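Taking it in order: structure first as structure tokens, then the write-up.
The values are calculated or read from the model by the stated rules, or taken from the named source; none is laboratory data. On a predicted model such as this, the values are computed, not experimentally measured, just so you know. Methodologically, a virtual Cβ is constructed for each residue, glycine included, from the backbone with ideal geometry; neighbour enumeration extends over all protein chains shown.
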Amino acid sequence: MALGRGTTGTIDSVSVPAQTGARRAAHSSIIVAALVLSGCARDALDTPCPEVNVGELVVTELSGSDADPPWVELYNASGATIDLTGMRLTLTKLDGSKTETFVVDEGAPQAAADSYVVVESSVEFPTGAAVDVVTCGRPIDRMIYRSLPSDGSYAFTGLIDPPDHAENDVESQWCPDIGSPGERNPECPE
Ligand SMILES: [Ca+2]
């Protein structure tokens, strides 16, 4: 009895917890694998998309209304390089009457950490719109413009450095720029 209990105790205290741990690890692996597999299954049907979080891409500049093609500049605040393939940019007219969406194609430029990247748009920019950056169905940043200058660009002030996704909601922090695609913007005049 004592021997059996002792043996059992040894098994319980050494082997069983180890097995339980191994089972837990295996279980976790299966969950992760299942998530990855479901992600792959979804990606096989749709375009792959960048795994970034809210605020890790910040809209900092939009081309003027006469630009061909229109472009948008984004700041990469994630701290890591981002492959923008599959990123969606949605422009919704301020009266809600129309939404234009374009998806960044494969082979788009990689966005280096803490840098500004320019993405050319395949759709025209409406006069006055809410601009939403969406990746993998997740909203990353939004800004609103009432109009765009015909020349140059519309830019978020370089005074706020690095650019911030909440700060760029404030319309008074935006102003016309001579155009500085791919570079930090000048400061808006007071
Ligand atoms: Ca710029």
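If you go through segment 59-74 one residue at a time, do you hit one that is in contact with a helix residue (DSSP H, G or I) (Cβ under 8 Å, 6 or more places away or on another chain) and crowded, with 22+ Cβ neighbours inside 10 Å? If you could, list the steps in order and put the result at the bottom.
Looking only at segment 59-74, we keep the residues that are in contact with a helix residue (DSSP H, G or I) (Cβ under 8 Å, 6 or more places away or on another chain), and these are 59-60.
Narrowing further to those that are crowded, with 22+ Cβ neighbours inside 10 Å: 59-60.
Yes, because at least one residue in segment 59-74 is in contact with a helix residue (DSSP H, G or I) (Cβ under 8 Å, 6 or more places away or on another chain) and crowded, with 22+ Cβ neighbours inside 10 Å.
Which of the residues belonging to segment 52-83 are in a loop (DSSP other than H, G, I, E, B) and closer than 14 Å to ASP141 by Cα?
Of all residues in segment 52-83, those in a loop (DSSP other than H, G, I, E, B) come to 52-56, 64-70, 77-81.
Across segment 52-83, the qualifying residues are VAL52, ASN53, VAL54, GLY55, GLU56, ALA77, SER78.
Which residues, taken from segment 105-117, are in contact with a Leu (Cβ under 9 Å, 6 or more places away or on another chain) and either hydroxyl-bearing (Ser, Thr, Tyr) or within 17 Å of GLY55 (Cα to Cα) (or both)? Give the steps one after another, and end with the answer.
Restricting attention to segment 105-117, the residues satisfying the condition of being in contact with a Leu (Cβ under 9 Å, 6 or more places away or on another chain) are 108-111, 116-117.
Scanning segment 105-117 gives ALA111, TYR116, VAL117.
If GLY182 meets every condition in (1) assigned by TED's automatic domain parsing to the domain that holds THR99; (2) within 20 Å of ASP66 (Cβ to Cβ) apart from one, which number is that one?
That leaves (1) as the condition not met.
Can you tell me which residue in segment 139-184 is nearest to the ligand (Cβ to nearest atom), limited to those that are among the basic types (Lys, Arg) and under 25 Å from GLU51 (Cα atoms)? Full working, then the answer.
At the first step, the residues of segment 139-184 found to be among the basic types (Lys, Arg) are 142, 146, 184.
Cutting the leftovers down to under 25 Å from GLU51 (Cα atoms) gives us 142, 184.
Numbers: ARG142: 18, ARG184: 6 Å.
Per the criteria, the residue is ARG184.
Only one residue in LEU84, LEU148 is buried (at least 18 other Cβ atoms within 10 Å of the Cβ), assigned by TED's automatic domain parsing to the domain that holds GLN173, in contact (Cβ under 8 Å) with a residue 12 or more places away in the chain and under 21 Å from GLN173 (Cβ atoms), so which one is that? Steps first, answer last, please.
Numbers: LEU84 fails: under 21 Å from GLN173 (Cβ atoms).
Step by step, each of LEU84, LEU148 is checked, and only LEU148 is buried (at least 18 other Cβ atoms within 10 Å of the Cβ), assigned by TED's automatic domain parsing to the domain that holds GLN173, in contact (Cβ under 8 Å) with a residue 12 or more places away in the chain and under 21 Å from GLN173 (Cβ atoms).
Return the total of residues in segment 169-190 being of a type in the set (A, V, I, L, M), under 21 Å from the mean Cα position of the chain (by Cα) and farther than 18 Å from ARG146 by Cβ. Steps first, answer last, please.
Step one: of segment 169-190, the residues of a type in the set (A, V, I, L, M) are 170, 178.
The next check asks that each one be under 21 Å from the mean Cα position of the chain (by Cα); those that pass are 170.
Still in the running and farther than 18 Å from ARG146 by Cβ: none.
Of the residues in segment 169-190, 0 are of a type in the set (A, V, I, L, M), under 21 Å from the mean Cα position of the chain (by Cα) and farther than 18 Å from ARG146 by Cβ.
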